[in-house]
Every structure is written in C-alpha cells, then in structure tokens.
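> The structure's right below; bear with me while I get my questions together.
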Amino acid sequence: MTKFHSIRDQLLDRLEGMAAGEQFPPERQLAETLGISRMTLRRAIDELVAKGMVRRRHGTGVFALGPKLDQPLAASSFTEDMVARGMRPGSHILSFDTVAAGAHIGRRLHLAEGDDVIAILRLRLADDEPIALEELHIPSALVPGLNAADLEDQSFYELLRHRFGIRLSHSVQTIEPTLLDAAEAKHLDVPELSPALLFERTSRGADDVPFEFVRSVYRGDRYKICTELTVPDRGVADRADSAAGAPATVPDRTIPAPSEGHQP
C-alpha cells in the first residue's frame, strides 16, 4: 500500500503541471517511466477517476480534468461565476416550451395548476465544456415576448433585470447528491450513473413574489461546494442567553458516591 500511495502521489504531482484536457502518456510508457506494472498503474488511475481528477476515454486514453470548480453559496449567476474565474461561459437551449404549471411547479411559483409557465432546458458550459444541465420554470405573464434566442449565451438574471425589470432579491436553495440518468449523462458527456450535485432553487424579486424555479444538475467530477464558516461571538451569545433568562454558565455539581454498604 505504501508503494501504491507513492505512485498515486507521483501521478498527482504530474497532474499539477497539466492543463485541463491534456492527455496522459500511453499506459505502457507511463508504467515504464514510473517503474511499475501496468496493473498497479491502472489501480492508481482508477482512484483518480473516482475522485474526479482525470477522465478515462476507452480507446483514446486518460485526460486531466483540471481543478474542480467551487460553487459558493451565494446568489450569483452561472455567467458571473465563470467570468470571475476567467473562463468563458456559454449555454445552449435544448428545449423551450410554454406549458401548464401543474401541481409541483404551481406550488413553487404560487400559481394555479393551469397557469402558463415557460419551461426551458439549458446546457451550461465553461470554456466549451459541459458543466451543468439546468431546467428553468418562470411564469409566462412575467416575461412577455421571451424566446429561446434571448437566452443563448446570456445571463438570465441580466436579461430579467434589463428587459423585464425583475431583480433578484433572495433565493432558497437545496443541494443534494444524485446520479445522472442516461439523458442527463449524454448531455454532460459523462457515463450514465455518474455522481452529480442536484440544486433546486426558488428565487424571489423585491416584491417577495417567486419568479423562477430552477432544477440543475452539476457534474460531480467538475464541481464542489465552497462555504465560509464563521464563529459566533460567544460574548454576544452569552449576553443573549442571559437576557432570555438562561444561565451563562452552569456550576459544577459533585454528587458524592455512597459509602460502602450504604443504600441511597
């Protein structure tokens, strides 16, 4: 195991100097360079594949994926996130339809089941690499005249703000792990049942009325969640407890053990 970990670390060192999409040397050549068997090399690469650090394309080779993109838990658009990273954002409209809200979407957007919503399926890209599949629902009455071309390679929030006067005020979002089905995997160019992150978000404007419900799946091999944890001011917390009638500290209480032969 020590030798195996050493080989894995050597591969990680090699990855540090590789660009995303760059190909590893052929398996035979790399095994000879590292002085190991091809079976040991395959085990080490299998671990890197499982960690989402490289991708194996059968019949082609092994390719570096580059560092994972971190998703901050903040109300920002995909376009803004990619631009901030120095990457080129993009999107392709896979479907654009006007449909009845139905019970599930209606509850999310405070609509009747028969009210019209625009249902949009978009493939989100970073430097032309598919990153996420986004299913967006928005009440038709809020965006008269909206069409598919309006959303091609453009931030949806910018479009809402400039054309329809809708500004994002706050969102409620849930995140959970999932596995990609066959259709999702095909769009994202990964194997079926690959791990992914499922985001569901309901956003509201300044009037506190929900204007969108989004369900997105992000590739698990390319995305991770980034959060900043803050430590509360204990002095403030203690003062709040005292004001509420709770003791700031709990005194020690020592209960003597019963003496031998004595029953409590």
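> Take ILE166 and decide whether it is part of a strand (DSSP E or B) and either modelled with pLDDT under 90 or surrounded by 14 or more Cβ atoms within 10 Å (Cβ to Cβ) (or both).
Here the answer is no, as ILE166 does not meet what is asked.
> If VAL231 satisfies every condition in (1) part of a loop (DSSP other than H, G, I, E, B); (2) at pLDDT 75 or above; (3) closer than 30 Å to ILE131 by Cβ but one, which is the exception?
All conditions are met except number (3).
> Does any residue in segment 113-132 that is on the phi < 0 side of the Ramachandran plot and touching a residue at least 40 places away in the same chain (Cβ under 8 Å) come within less than 6 Å, Cβ to Cβ, of a residue that is outside any strand (DSSP E or B) and open to solvent by less than 50 Å² (accessible area, probe 1.4 Å) six or more places away or on a different chain, and which pairs are these?
ARG124/PHE78; ALA126/MET82; ALA126/MET87; PRO130/LEU188; ILE131/ARG222
> Now for a separate question. Just give me the residues in segment 114-136 being in a strand (DSSP E or B) and open to solvent by 50 Å² or more (accessible area, probe 1.4 Å), in sequence order.
ASP116, GLU135
> Here is a follow-up. Out of ALA183, ALA196, I need the residue that is closer than 30 Å to VAL54 by Cβ and assigned to a strand (DSSP E or B). Which one?
Just a single option satisfies the conditions, and that option is ALA196.
> Further, regarding this structure: For segment 13-41, how many residues meet the condition of being touching a residue at least 40 places away in the same chain (Cβ under 8 Å) and aliphatic (A, V, I, L, M)?
Residues flagged as touching a residue at least 40 places away in the same chain (Cβ under 8 Å) and aliphatic (A, V, I, L, M) within segment 13-41 amount to 4.
> Let me ask something else. Consider LEU111 carefully, then state whether it is out of contact with any Phe, Trp or Tyr (no Cβ under 8 Å at 6 or more places or on another chain) and open to solvent by 20 Å² or more (accessible area, probe 1.4 Å).
Details: out of contact with any Phe, Trp or Tyr (no Cβ under 8 Å at 6 or more places or on another chain): yes; open to solvent by 20 Å² or more (accessible area, probe 1.4 Å): yes.
Spelling it out, LEU111 is indeed out of contact with any Phe, Trp or Tyr (no Cβ under 8 Å at 6 or more places or on another chain) and open to solvent by 20 Å² or more (accessible area, probe 1.4 Å).
> Give the residues of segment 89-108 that are in contact (Cβ under 8 Å) with a residue 24 or more places away in the chain, closer than 21 Å to ARG204 by Cα and surrounded by 17 or more Cβ atoms within 10 Å (Cβ to Cβ), sorted by residue number.
Matches in segment 89-108: ALA101, ILE105, ARG108.
The values are calculated or read from the model by the stated rules, or taken from the named source; none is laboratory data. Owing to the predicted nature of the structure, the values given are computational and were not obtained by experimental measurement. Counting neighbours? That spans all protein chains shown, and the Cβs are built from the backbone with ideal geometry, glycine included. Just so you know, the surface numbers come from the protein's heavy atoms only, side chains and all, with ligands and any DNA or RNA stripped out. Shrake-Rupley method; radii C 1.70, N 1.55, O 1.52, S 1.80 Å.
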